[in-house]
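Report on one structure; see the data block that follows.
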Amino acid sequence: MAQQVQGVIARAKGEPVRIETIVVPDPGPGEAVVKIQACGVCHTDLHYREGGINDDFPFLLGHEAAGVVESVGEGVSEVAVGDFVILNWRAVCGQCRACLRGRPQYCFDTHNAKQKMTLTDGTELSPALGIGAFAEKTLVAAGQCTKVDPEASPAAAGLLGCGVMAGIGAAINTGEVGRGDSVAVIGCGGVGNAAVVGARLAGAARIIAVDIDDKKLGTAKGLGATHTVNSRSADPVEAIRELTGGNGADVVIEAVGRPETYEQAFYARDLAGTVVLVGVPTPEMKIELPLLDVFGRGGALKSSWYGDCLPSRDFPMLIDLYRQGRLDLDAFVTETIALEDVEKAFERMHHGDVLRSVVMF
């Protein structure tokens, strides 16, 4: 029987979000209903509210979440009722050309629940990233649920569902940071600081954090950065080169998503070094680089999709590291808030006051 729960809805572009009653249907084949315990407030949710993703309003926001499986539909074998899960927005299909070539982290046909959640008047909702977790319960494809150790804090675990995984994965999976490497991270918000953590986990010898905010740089230092550069007062390219023997970093991770910072990343890497773009640009942004420099500097220019993660592989492993005290996910939880505080959390996030506000249910 369908259930009615409270959720955060974005009705129109730029309008403040509001809490409304939503209808969650019983799970159909391949689907699951998850009782949400915690959901982080991510920039992507704000992009949805601002119409930066698409215009399929109204949106049910929230996607960076953890909770407990309440019910499952026919044919579900990935999870069972009672499992503690992290939700992911890239449920692999197993059949596309990427999956069949053994590269499921690049799955080109990820899927969501087929049924729609609605408002009480029947208006269909567009769940953010196919999840919609600013709600007491949500309907997802069972493949979007990854079972992890239930002893993990829901507030911390849920962050692997998006931003923290994107940053850690940009370093470990996409950038392939190795022991002894030098790494620079440009932009030290939640994703950038997670990239700092990923570089430390991978054994980088030198981790250079770059930002225009000393507070964010202080956080990066606490999370493992060995050096910091405030790019308001110093040329970041020259500073990174100076800190790497005049050569540039082996891996530069751009976690801002702007042409000017991407160009900085390009020129701040060593010859044959790697640039990883994990910051999300807007559609109108363009970049122009001398083609001879692209050729002459060699190396690799990569984009990182969701940290190129495979949730079934990466989430349990990272939660194990968290439980062992080797990955401080709690450091990313700046505050815990109630569902009705999401709009205020957007403001704090916009001003750079938090790494993550996390809604607790």
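Residues in the range 272-287 that are in contact with a Pro (Cβ under 8 Å, 6 or more places away or on another chain) and charged (D, E, K, R): 1 in all.
Of the residues in the range 155-174, none is in a loop (DSSP other than H, G, I, E, B) and in contact with a Gly (Cβ under 6 Å, 6 or more places away or on another chain).
Where strands (runs of 3 or more DSSP E) fall entirely within the range 288-361, those with at least 1 residues that are in contact with a Gly (Cβ under 8 Å, 6 or more places away or on another chain) and open to solvent by 30 Å² or more (accessible area, probe 1.4 Å) are at 300-303.
Sort out which residues of the range 179-196 are open to solvent by 20 Å² or more (accessible area, probe 1.4 Å) and more than 18 Å from the chain's Cα centre (by Cα), and write them in order of number. Hits for the range 179-196 are Arg179, Gly180, Asp181. Of all residues in the range 91-100, count the ones that are open to solvent by 30 Å² or more (accessible area, probe 1.4 Å) and either out of contact with any helix residue (DSSP H, G or I) (no Cβ under 8 Å at 6 or more places or on another chain) or under 17 Å from Ala133 (Cβ atoms) (or both). Total meeting the criteria: 3. Contact list please: Cβ distance under 7 Å, first residue in the range 117-130 and under 21 Å from Asn88 (Cα atoms) and in a loop (DSSP other than H, G, I, E, B), second residue open to solvent by 10 Å² or more (accessible area, probe 1.4 Å) and hydroxyl-bearing (Ser, Thr, Tyr), pairs at least six apart or on different chains. Close Cβ pairs satisfying both conditions: Leu125/Thr118.
Scanning the range 67-88 for residues that are part of a loop (DSSP other than H, G, I, E, B) and open to solvent by less than 60 Å² (accessible area, probe 1.4 Å) returns Gly73, Val76, Val79, Ala80, Gly82, Asp83, Asn88. Inspect the range 43-52 for any residue being assigned to a strand (DSSP E or B) and of a type in the set (Ser, Thr, Tyr) and give the result as yes or no. Checked the range 43-52: no residue is assigned to a strand (DSSP E or B) and of a type in the set (Ser, Thr, Tyr). Among the residues of the range 1-34, the one identified as charged (D, E, K, R), in a strand (DSSP E or B) and surrounded by fewer than 15 Cβ atoms within 10 Å (Cβ to Cβ) is Arg18.
The values are calculated or read from the model by the stated rules, or taken from the named source; none is laboratory data. Here the structure is a predicted model, which is why all the values come from computation and not from measurement. Backbone-built Cβ (ideal geometry, glycine too); neighbour counts: all protein chains shown. The accessibility values were calculated without ligands, DNA or RNA, using every heavy atom of the protein model including side chains. Shrake-Rupley method; radii C 1.70, N 1.55, O 1.52, S 1.80 Å.
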